[in-house]
Each structure stands twice: as C-alpha cells, then as structure tokens.
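Single-structure report; data block below.
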Ligand code: HEM
Ligand code: HEM
C-alpha cells in the first residue's frame, strides 16, 4: 500500500481541462491530417477551426490554473531521466497548444484568402489582424507543428500505457481518478 502515490492526483479542474483539450486535439489531428485523403472529412473543417480556437481558450485557462497549482509530485521511484522526459514533453505540449491554434488562426486571417470562421455555427470568430506574409507564415508552420503534435501524443500515450500495464504504478490514475480504486 503506497498512500502518497494514490493521493498525488491532479485536481478535478486539471483533469477536466486535460481530457477536454485531449479530445479536441485528437479530433483536430484526425480531421487536419485526414481531410486531404478522405473527402468526407472535409465537411468537418469548420469544426476543426472552431475546436482549435476552443483549445486555445482552454489552454489559457489551463496555464492560468497551472501557474497557481503545481503538478502533484511523481512517485519517488520514477527515475530522473523519466521525470525530465515528462517535463520536456509536457512543456512542448503547452507550447504547441498555443502555437498550433494561433498558426491556424493566422492562416485563415490573411486578407487575400479569408475563409469562413464561426464557432460551431453559433457566432462569428473575429479574424486576427494578419498581413498576407504573416498568414503565409502561419500556414507554413501549421502543418509541421501538427505533425510534431502527433508524434508527441504518440509518445505521451505510449508512456501512459507503459505506466499502467508494464510498470503497473498509479501514474495513469493521476489523470483518471476512478482507476485509483
Ligand atoms: C491527445 C492529446 C493530449 C494532450 C495534448 C495531453 C497533454 C498533457 C499535458 C500538457 C500534461 C501535463 C499536465 C500538467 O502537469 O500540467 C498531461 C499529463 C498527463 N496525461 Fe495527457 N495529453 C493528451 C492525451 C492523453 C491521453 C490519451 C492519456 C492516456 C492514455 C494521457 C495521460 C496523461 C497522464 C497520465 C498525465 C499525468 C502525467 C504525470 O502525472 O506526470 N494524456 N497531458
Ligand atoms: C489544437 C489545434 C489544432 C490542431 C492540432 C491542428 C492540426 C492540423 C493538422 C495536423 C493539419 C494538417 C496539416 C498538413 O496536412 O500538413 C491541419 C490543417 C489545417 N488547419 Fe489545423 N489544427 C489546429 C487548429 C486550427 C485552427 C485554430 C485553425 C483555423 C482557425 C486551423 C485551420 C486549418 C486549416 C485551414 C487546415 C488545412 C490547411 C490546408 O489544407 O491547406 N487549424 N491542422
């Protein structure tokens, strides 16, 4: 019985924001990468943009919360290399969770090729004040940042599954409280 490991969990707010952001990011990776090859996914591009702007807003909330609340300490037996790998991946996630939506938003805000921008049909989202060159820069960055996100998500999920099924510790339960039993 190792109480501290079970008690060291993320708060309800952190867990809720994590899973909302994760679902929206997975949806956006699927639609963003798939829409060229699978025509049916093209109809979901307006939802891709709305979901992406939502990720930006939720990430601002998450970062605000995170500044005031430290991540719960990891179980003591986790080696140093793993702690710094987790810190690096989580830090890169926060950078990408801002840079990806921003680059997409800039891309669709260019004066020459503005595309419709609505939040799930409920209201118009304003365009950013982007010049043509800034919009092109956003467009050039968006794809590579998206692929980097896909790689990091794969590493992150593999790490979570390794903790759950190979190391059999309580790390996944920190983000899925019912698993803590
Ligand atoms: C797909 C998009 C996802 C993104 C962008 C994401 C992002 C993050 C971030 C930024 C953190 C660090 C939280 C903090 O300390 O502030 C985190 C923690 C965590 N995530 Fe995810 N996540 C995703 C999906 C998943 C999935 C699918 C799983 C489970 C299979 C998962 C399991 C975890 C766990 C267990 C932690 C806590 C790690 C620890 O205790 O150090 N995540 N995630
Ligand atoms: C978490 C947020 C987001 C993620 C993970 C994401 C991911 C992606 C990915 C992986 C692609 C495919 C890139 C490629 O094939 O090279 C893509 C394309 C695209 N994204 Fe996003 N995106 C996000 C947010 C946004 C936002 C906020 C907008 C606009 C407001 C946007 C607009 C677009 C557009 C228009 C394309 C198609 C580009 C083209 O086919 O020329 N994305 N996105």
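The values are calculated or read from the model by the stated rules, or taken from the named source; none is laboratory data. This is a predicted model, so every value here is computed, not measured. Methodologically, a virtual Cβ is constructed for each residue, glycine included, from the backbone with ideal geometry; neighbour enumeration extends over all protein chains shown.
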Task: All positions within the stretch 125-146 that are free of Cβ contacts under 8 Å to residues at least 12 places away in the same chain and surrounded by 13 or more Cβ atoms within 10 Å (Cβ to Cβ) - done: 143
TODO: Within the stretch 1-23, work out how many residues are modelled with pLDDT of 95 or more and out of contact with any helix residue (DSSP H, G or I) (no Cβ under 8 Å at 6 or more places or on another chain).
DONE: 3
Open item on the list: Within the stretch 61-88, take every residue that is within 17 Å of residue 162 (Cα to Cα) and surrounded by 15 or more Cβ atoms within 10 Å (Cβ to Cβ) and give me the one that is nearest to ligand 2 (Cβ to nearest atom).
Closed with: 86
Task: Matching residues in the stretch 26-56 - criterion: being more than 7 Å from ligand 2 (Cβ to nearest atom) and touching a residue at least 60 places away in the same chain (Cβ under 8 Å) - done: 26, 46, 47, 50, 54
Open item on the list: Among the residues of the stretch 125-161, what is the count of those that are in contact with a helix residue (DSSP H, G or I) (Cβ under 9 Å, 6 or more places away or on another chain) and assigned to a helix (DSSP H, G or I)?
Closed with: 23
TODO: Scan the stretch 34-44 and give yes if some residue there is away from ligand 1 (no atom under 13 Å from the Cβ), modelled with pLDDT of 95 or more and closer than 24 Å to residue 160 by Cα, otherwise no.
DONE: no
